[in-house]
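Dropping the structure in here first, questions after.
The numbers here are math on the coordinates, done by the rules we state, and not lab data. Only a predicted model underlies this, so the values are computations on that prediction, with no experimental measurement involved. Don't worry about glycine lacking a Cβ; one is built from the backbone with ideal geometry, like all the others, and counts go over all protein chains shown.
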Amino acid sequence: MEKFIEKNKDDLVEIVREILKIKSVEDKPEEGAPFGLGVKLALDYALTVGEEMGFKTKNLDGYAGYVEFGEGEELISILGHLDVVPEGKGWKHHPYAAVVEDGKIYGRGAIDDKGPMMAALFGLYALKESGLSVKKRVRIVFGTNEETGWKGIAYYKEKEKAPLVGFTPDGNFPVINREKGILNVTIEKKFSPENKEILLKGGERPNMVPDYAEAEFSNAPSLKSFDGVEVNGNKVIAKGISAHGAHPWEGKNAVTILCSALKDADISKEVKSVIDFVNEKIGDDVFGEKLGIAFEDKESGKLTCNLGMMKIEKDTAEIVFNIRYPITDSAERITDAIEKSAAPYGLKVKDTHHQPPLFVSESEDIVQKLLKVYEEETGEKGYTLAIGGGTYARAMEKGVAFGPVFPGMVAVEHQPNEFIGINHLVKIAKIYGRAIYELAKD
């Protein structure tokens, strides 16, 4: 398998570049495209590549799709996603040009998760072409809205009753067998009388650290100079640094920067209370201590809290938190604590969206086999990890995350200039091909 991948690595690179050129950010639904045309085109492309490789393929009404290889009752699944987060600002190359420079392929989705999914597909192709026999069926399952709600994989599980057992190439090596719970909490405040002084907006997705926020005043504001903030007429603009919501300390939150700058702005008491809430209960704290939700356990570490979106409109203010909580904590405790902290400011919990934590015992066969593959392919000691990110592993009956990021690598997902190294891409294709074989051979 490894010789096949090495010999045909240029084909792998081109497959990755072509799928990176498709802007697969969720958009308005169309016929046959429940998550927008771009996501549909990415799914169609992946399935076409699978067909050309000689695999059986199936499109589940644009919600998901898969390629399949092998025979047998048991099924091993490699589950990942083709949708991406918005590109954001600050790119040195166009985010959908798939530019190759210095041995790297640049593009939104390069590492999260298009590049690794194509590497897994290519690994399966190498297994097929090698003539090695397997006793289980293998599916590469392409999800379509992992970044925005998991409706695609829910549809897949509704239509395809076979249990999902396997791995997702959407995390870190060696093996992630523990994932924190993910809780999005939206709080709001209704204004009476109508707010006529300031409109504010910042953030595109709850699971991204906002890199841009702006406030527009009805009259030119008088503000003190503030680092990272500029005043342009009636508009105040704050710029931060984007990062994944699972590790918000790696970014700079433009919303909290903006609120700090607006601390002494001349606005009504009712509207100002929302700004005060952000400054007093969030600020630069990413562990929920000021908000009263901090928690930590030895199995999965500290709770993290990202203020992902905020808006102040004429009649309503709304703030959305993306919280990653330890596996021994509970969504109910966190929601109750936020409600209590927000109440003095006139804010109330509007709604929540919740994904429970994941835990797969290290003694499970799938974990042991993947650790063995990792050790033999890298020469490094294998071990299990806990993360704050949420992967499709938790959509499986028994699933873990397996790469693509090696220990010591800098996180580039959800950030400007996202990339995957070509040598890295080839290496993970070899690892995934071997892993698939080990899981399916007996």
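Under the 0.36 nm per residue contour assumption, what length would be gained going from the current alpha-carbon distance of GLU31 and SER192 to full extension?
Length difference between fully extended and current span is 53.8 nm.
Tell me which of ALA337, LEU200, PHE217 sits at the most positive position along the dipole axis of the stretch 181-355, charges placed on C-beta atoms (Lys, Arg +1; Asp, Glu -1).
Farthest towards the positive end: PHE217.
Cut-off 10 angstrom, C-alpha nodes, Gaussian network model of the chain. Which of ALA343, ALA395, ALA429 fluctuates the most?
Comparing ALA343, ALA395, ALA429 in a Gaussian network model of the chain, the most mobile one is ALA343.
Here is a follow-up. In whole angstrom, how far apart do the alpha carbon centroids of the stretch 412-432 and the stretch 94-162 sit?
Centre-to-centre distance over Cα atoms comes out at 12 Å.
Now a separate question. Need one number: nm distance between label points at THR352 and PHE287, each 7 Å from Cα along Cα→Cβ, rounded to one decimal.
Inter-label distance under the simple model: 2.3 nm.
Once you have a ≥ b ≥ c as the square roots of the Cα gyration tensor eigenvalues for the stretch 229-359, tell me rounded if a/c is under 1.5, and otherwise prolate or oblate according to whether a/b is larger than b/c.
prolate
Could you tell me how far the Cα centroid of the stretch 326-401 sits from the Cα centroid of the stretch 215-286, in Å?
The stretch 215-286 and the stretch 326-401 have Cα centres separated by 31 Å.
With only alpha-carbon pairs counted, each pair once and no self-pairs, how large is the Kirkwood hydrodynamic radius of the chain in angstroms?
On the way: mean 1/r = 0.0440 Å⁻¹.
Answer for the chain: a Kirkwood hydrodynamic radius of 22.7 Å.
Under a point spin-label approximation (7 Å from Cα along Cα-to-Cβ), what is the LYS369-GLU51 distance to one decimal in nm?
Output for this residue pair reads 3.0 nm.
Which pairs in the list LYS7/LYS128; LYS9/LYS136; LYS128/LYS157; LYS128/LYS159; LYS21/LYS128 are over 21 Å apart, alpha-carbon to alpha-carbon?
Those over the limit are LYS9/LYS136; LYS128/LYS157; LYS128/LYS159; LYS21/LYS128.
Please identify the helices of the chain, taking whole runs of DSSP H, that span at least 15 Å along their own axis as judged from the Cα atoms and have a mean Kyte-Doolittle score of 0.0 or higher. All intermediate terms of the calculation are to be shown ahead of the outcome.
Values: long enough: 9-20 (17 Å, 0.22); 37-52 (22 Å, 0.62); 114-130 (24 Å, 0.45); 269-281 (17 Å, -0.51); 331-342 (16 Å, -0.50); 365-378 (20 Å, -0.49); 422-440 (27 Å, 0.51).
What comes out of the filter, once short or polar helices are dropped, is 9-20, 37-52, 114-130, 422-440.
Could I ask something else about it? Using a 7 Å offset from Cα along Cα-Cβ at TRP249, what residues in the stretch 283-311 end up with backbone N under 17 Å from the label point?
Backbone N within reach: 283-291, 293-307.
Would you list LEU307, LEU385 from fewest to most Cβ contacts within 10 Å?
So the ranking, lowest neighbour count to highest, is LEU385, LEU307.
Still on this structure, I have one more. Which cross-chain or sequence-distant (5 or more) residues have an amide H under 5 Å from the amide H of MET309, H modelled 1.01 Å from N in plane?
Close amide H contacts, sequence-distant or interchain: VAL320.
With a Förster radius of 25 Å, plug the Cβ-Cβ distance of GLU230 and ALA294 into 1/(1 + (r/R0)^6) and report the FRET value to the nearest 0.05.
0.15
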